[in-house]
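Below is one structure, written out as structure tokens; comments come after it.
The values are calculated or read from the model by the stated rules, or taken from the named source; none is laboratory data. Everything quoted here is computed from the prediction, not taken from an experiment. Note: ideal-geometry Cβ built from the backbone for every residue, glycine included; neighbour counts use all protein chains shown.
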Amino acid sequence: MSTLVERRPASGVVAVRRRRVAGLAVLAVVLAVAVAASLAVGARALGPGEVWRGLFAAPGSDQRLTEIRLIVQTVRVPRTVLAIVAGVALGVAGVLVQGCTRNPIADTGLLGVNSGASVAVVTAISLFGLASPFQYVWFAFLGAALAGVVVFGLASIGRGAGNPLTLALAGQGITVFLAAMTTAVALSNQAALNAWRFWNAGSVAGVGFDVIWPVAAFVAAGLVLAAVTLPAVNLLTMGDDVARGLGVNIALSRTLGIVAITLLAGAATAACGPIAFLGLMVAHLARHLTGPDYRWLVPYAGLLGAVVLLACDIVGRVVVRPGELDAGIVVAVLGAPFFAILVRRGRFRNA
């Protein structure tokens with residue numbers, strides 16, 4: 001009898017682990033289906049055979065195959081890859097920002113990342129006349145990183161230093177200030193206003209691999225740093241006093257978490273523009289599927305972020321044919337009622 005009692009907890013842990021691994025496998029399959037759909041759906045629909053030939057066709061083939069190759073290789077493959085990279089980055093960043101701030105409705109915009117990138121983009125275009133995404137993506141990333149550093153720096157000084165509420169208030173103050181600066185600069189320069197309106201909608205289209213590879217490198221660095229901080233984030237969610245009693249360096253752990261969030265959200269925002277609500281939605285969906293353990297939350301959120309952003313981009317190509325809706329607009333249309341339902345039902349689990 002005692003043997004059975006001892007084995008039940010272990011068998012329960014194994015069952016939960018198997019369920020979580022199975023969930024990750026299902027999400028991976030869904031992501032693969034979304035990738036295939038992203039390569040096939042658009043202003044010109046392509047069949048599976050055409051997509052396959054377009055992926056591997058060499059230059060100089062017949063005219064029809066050349067057209068398919070250009071559509072697949074130069075338009076849809078970069079768009080799909082960027083949606084995956086940005087979705088993973090924003091999903092993981094959304095989970096981390098809720099864990100580091102212990103705020104279940106926190107989003108990456110809380111740290112001023114989106115506003116920092118926006119003001120940097122319009123300033124770069126206005127002062128230097130930049131027009132290519134490859135040119136202003138670096139300014140966007142720099143602006144996002146600086147905003148995150150300033151917000152975290154302000155929240156780390158004075159009374160209440162390191163408090164999640166102080167961090168939220170500092171982030172909100174910086175966000176409002178930078179949003180005002182962005183509007184002022186954009187309205188004073190027509191070229192900056194036009195480029196900013198396109199970038200600010202949040203789109204994964206029109207960006208080549210010259211932008212995607214550097215962004216992917218920053219996202220990879222952010223993911224590595226996020227993996228390092230996961231054990232500490234699990235303890236931080238129990239409260240600073242408990243985490244400190246268990247040997248966690250609160251300041252160091254939260255700093256590393258904020259740096260990881262800035263790398264992830266800053267890189268994604270620089271390439272795609274601000275995509276609101278994605279991190280918030282994905283974090284709650286992942287928590288509903290797998291529970292509060294951040295060792296599982298992060299991979300779930302990454303896969304969910306990629307699936308959701310790809311799905312929203314595909315929907316945007318279909319609903320207003322022959323035109324398109326930017327993925328950021330579709331995400332916002334889904335995210336706003338999602339957020340309202342969360343508020344209405346009060347279904348906020350501890351981050």
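Here are some notes:
- Note on region 308-330: residues that are closer than 12 Å to ALA34 by Cβ and surrounded by fewer than 24 Cβ atoms within 10 Å (Cβ to Cβ) amount to 3.
- Single residue of VAL215, VAL204, VAL211, VAL219 found to be closer than 27 Å to VAL72 by Cα, among the hydrophobic types (A, V, I, L, M, F, W, C), surrounded by 14 or more Cβ atoms within 10 Å (Cβ to Cβ) and in contact with an Asp or Glu (Cβ under 6 Å, 6 or more places away or on another chain): VAL204
- The set of residues in region 46-63 being surrounded by 12 or more Cβ atoms within 10 Å (Cβ to Cβ) and either in a loop (DSSP other than H, G, I, E, B) or in contact (Cβ under 8 Å) with a residue 60 or more places away in the chain (or both) consists of LEU46, ALA57, SER61.
- Of the criteria (1) at pLDDT 95 or above; (2) of a type outside the set (Val, Ile, Thr); (3) under 15 Å from THR80 (Cα atoms), which one ASP326 fails: (1)
- Taken as a whole, the structure leaves ASN103 outside the set of residues that are in a helix (DSSP H, G or I) and in contact with a helix residue (DSSP H, G or I) (Cβ under 7 Å, 6 or more places away or on another chain).
- Test: residue in region 307-319 that is free of Cβ contacts under 8 Å to residues at least 40 places away in the same chain and not in a helix (DSSP H, G or I): yes
- Among residues of region 285-302 that are assigned to a helix (DSSP H, G or I), those with a beta-carbon under 9 Å from a residue that is at pLDDT below 90 and among the hydroxyl-bearing types (Ser, Thr, Tyr) at least six positions away or on a different chain give the pairs TYR294/THR237.
- Test result for ALA268, hydrophobic (A, V, I, L, M, F, W, C), under 18 Å from the mean Cα position of the chain (by Cα), closer than 19 Å to PHE198 by Cβ and not in a helix (DSSP H, G or I): no
- Condition check for ARG20: under 30 Å from LEU263 (Cα atoms), at pLDDT below 95, in contact with a Ser or Thr (Cβ under 8 Å, 6 or more places away or on another chain) and surrounded by 14 or more Cβ atoms within 10 Å (Cβ to Cβ): yes
- Any hit, region 201-210, residues being hydrophobic (A, V, I, L, M, F, W, C), closer than 17 Å to VAL113 by Cα and part of a helix (DSSP H, G or I): no
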